[in-house]
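J.: Quick one: the structure is below, and I'll ask about it shortly.
Each value in this text was obtained by applying a stated rule to the coordinates, not by laboratory testing. Bear in mind the structure is a predicted one, so any value in this text is a computation, not a measurement. Note that we place each Cβ from the backbone using ideal geometry, even for glycine, and neighbour counts take in every protein chain shown.
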Amino acid sequence: MAHISIKVRLLVEKKVRNSIITNGSIFRAKHGFGLILAAVLLAFSIAAPGSGKGVQAAKGQPALATQTVSFGPVVPGRLGAPASVTVPFSLPISRATAVLGYRVTAISSFAFTPAAPAAGGKSVTAADLLVGVTSVSSTLGGSSSAAIATGFDYDPTAVRAAGGTSAVSGAATGRATLADLLPGREILRAEKTTAGAMPASGGTLTVSVRIAVPTQFFTPGSFSGTISLIASQ
Amino acid sequence: MKRLGILLSAAAVLAILPGIVLAQGTSGTGTFGGTVPTTFSIANTSNGSLATALGTFSTLTIGRNVLSTPTPLSFRLRSNAAYKLTAQVGSLVGITDGGPSGVSTTLQAIKTGDIGFGFTTAVDRSGLSVVGGGTSPTRTDSIVNGFDVIAGWPSVTTGHTPAFTKTLHDIYAADTQIMSGDRISASGDNSSGDNFLTVTVGIATLPQYMAPGDFSGTVMFTIAASGT
């Protein structure tokens, strides 16, 4: 067994040597610059993990498709039941990212276009749309798990406001709304974990975000918005 | 030395690769949308469907210039836009459409024109989620001329059908606007206890020596966008 091991090492060394020879002229000419460049890049590479914005995408992940969901017509009801949609997210998380721990930040936008004058009545706003994380799972395996931030760990469809009006909500009250996400906010956090049985290519974090709006006599019109989830270290 | 330098360079580049990769972001975006349609609602005073008696005369006992005025009907209106309320009478049984019975030498049977119809109580705008409502309401809801009998039914002096300003004859077989106004509900849904107008309508007739028999009919109320 030892003999075979040596043979392999020799082959590798030979390959490396050939490579150096092949590219020798180039390296000779830029040798001095290469060291300086390497030092500069090394400095960036040290800074990058601590910047809080870096994240390692899993290999071979296709571009993430944008999910589109519709509430349809939000017609006032009688039982105080809100209209709701669920937006599924699948975020590729690399093994390196998972091992170091990561967080998921959500940022949203919202717009309402009236079709009739408000005439003194209420129009739907981002604060009327309750937002909760209803499920989190991943294929990272090991001891990886993500904790939902305070205020987002609830099902917005379970909220019933007295009299069919918008409940007093907000992340601070334990019931986050879309308004909480307008400036961007952390909604999930996974602490450092051991690689364990984690796949070498990383895995996928699946997050279901549910949005609910009470069906009220809001000003007629249409509304739209986005929620973006960003995984970062 | 040169090889050492090259190796150092290569090592440095390898060392920075994770950093470069780490600068990439993993993100996903979901978009959502919906519409808030123009919505109008009529409900009974329990927020249920309005399907009840507008007025039951029971047996019309003939007296002396005394109108029969069954208990009027109250119901709730909600809307998120300017509205109009219409009424239409139909499905007549034992009664025909026509003007009021007057002095005649021939036998008379009750007709729609013998039954007065109108708002018998001021519109209740006191809801705290009514636009322009509340304890000191500022909103205006216009009752079409003639349908306002809040001050009372006309007096009867001749023993014949009095001069009702509006009768069921005026709303027969056609949606007839009886009231209109601006957006009613500031917010809330159909279970809210403070976002509606309460209107009360009633009917009245004078028991007279008309052809005996039972009669009935249906009055359909509709709330819709004003201007439609």
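J.: As I understand it, the value is the acute angle between the Cα axis of helix B:2-22 and the longest principal axis of the Cα atoms of chain B; what does it come to in degrees, rounded to 10?
T.: It works out to around 10 degrees.
J.: Does the stretch B:30-143 classify as rounded, prolate or oblate by the C-alpha gyration tensor (a ≥ b ≥ c root eigenvalues; a/c under 1.5 gives rounded; else a/b over b/c gives prolate, otherwise oblate)?
T.: Because a/c hits 1.5 or more and a/b exceeds b/c, the stretch B:30-143 counts as prolate.
J.: Quick one: dipole size for the stretch A:82-232, taken about the Cα centre, charges +1 on Lys/Arg Cβ and -1 on Asp/Glu Cβ, in debye to the nearest 20.
T.: Numbers: 9 positive and 6 negative charges, 21 e Å.
Using Cβ point charges on Lys, Arg, Asp and Glu, the stretch A:82-232 gives about 100 debye.
J.: Sticking with this one: Please give the contour-minus-distance gain from B:Thr140 to B:Leu128: 0.36 nm per residue of separation, less the Cα-Cα distance, rounded to one decimal in nm.
T.: Fully extending the segment from B:Thr140 to B:Leu128 adds 2.8 nm.
J.: By counting other Cβ atoms within 10 Å of each Cβ, how are A:Phe217, B:Phe196 ranked from fewest to most?
T.: B:Phe196, A:Phe217
J.: Over the Cα atoms of the stretch B:137-228, each weighted equally, I'd like the Debye log10 I(q)/I(0) at q = 0.11, 0.16, 0.19, 0.21 Å⁻¹, rounded to two decimals.
T.: Each listed q corresponds, in turn, to -0.47, -0.88, -1.11, -1.26.
J.: I'd like the mean, over residues of B:189-201, of how many other protein chain beta carbons sit within 10 Å of each residue's own Cβ.
T.: 5
J.: When 1/r is averaged over all different Cα pairs and the result inverted, which Kirkwood radius in Å belongs to the stretch A:92-212?
T.: Kirkwood radius, the stretch A:92-212: 16.0 Å.
J.: Sticking with this one: Once both labels are modelled 7 Å past Cα along the beta-carbon direction, what's the B:Ser216-B:Ala173 spacing in nm?
T.: It works out to 2.2 nm between the two label points.
J.: Got a sec? How would B:His169, B:His160 order by Cβ neighbour count within 10 Å, fewest to most?
T.: Ranked by crowding around the Cβ, least crowded first: B:His160, B:His169.
J.: Okay, moving on. Charges on Cβ only, +1 for Lys and Arg, -1 for Asp and Glu, centred on the Cα centroid of the stretch B:63-150; of B:Gly63, B:Gly113, B:Gln88, which one is farthest towards the dipole's positive end?
T.: B:Gln88
J.: Return B:Leu60, B:Leu107, B:Leu54 ranked ascending by Cβ neighbour count within 10 Å, so the fewest neighbours appear first.
T.: Working: B:Leu60 15, B:Leu107 8, B:Leu54 21.
The most exposed by this proxy come first: B:Leu107, B:Leu60, B:Leu54.
J.: Determine the shielding of peptide A:112-120 by partner chains: average, over its residues, the number of Cβ atoms on other chains within 10 angstrom of each Cβ.
T.: Working: counts 2, 1, 1, 5, 7, 4, 4, 11, 9.
Mean inter-chain Cβ contacts per residue within 10 Å come to 5.
J.: Hey, another quick one. Across peptide A:224-233, what mean number of C-beta atoms from other chains lies inside 10 Å of a residue's C-beta? Kindly include the intermediate steps, with their values, before the conclusion.
T.: Values: counts 5, 5, 5, 5, 5, 5, 5, 4, 4, 1.
Per residue, the number of nearby Cβ atoms from other chains is 4 on average.
J.: What does the extension gain come out to for A:Thr204 and A:Ser137, with contour length at 0.36 nm per residue minus their alpha carbon separation?
T.: The A:Thr204-A:Ser137 span can extend by a further 23.3 nm.
J.: Turning to a different aspect of this structure: To the nearest 0.05, what FRET efficiency results for B:Leu107 and A:Ala81 with a Förster distance of 60 Å applied to their C-beta separation?
T.: It comes to 0.55.
J.: What FRET efficiency do you get for A:Ser70 and B:Gln208 if R0 is 60 Å and r is their Cβ-Cβ distance, rounded to the nearest 0.05?
T.: On the way: r = 61 Å, r/R0 = 1.01.
Calculated value: 0.50.
J.: Bin all alpha-carbon pair distances of chain B at 10 Å intervals from 0 and give each bin's fraction as a whole percent.
T.: Using 10 Å bins, I get a P(r) of 7, 26, 24, 13, 7, 3, 3, 4, 4, 3, 2, 2, 1, 0 for chain B.
J.: For chain B, what is the calculated [θ] at 222 nm in deg cm²/dmol (nearest 500), taking -39500 (n - 2.57) for each run of four or more DSSP H residues and dividing by its residue count?
T.: Rounded to the nearest 500, it is -3000 deg cm²/dmol.
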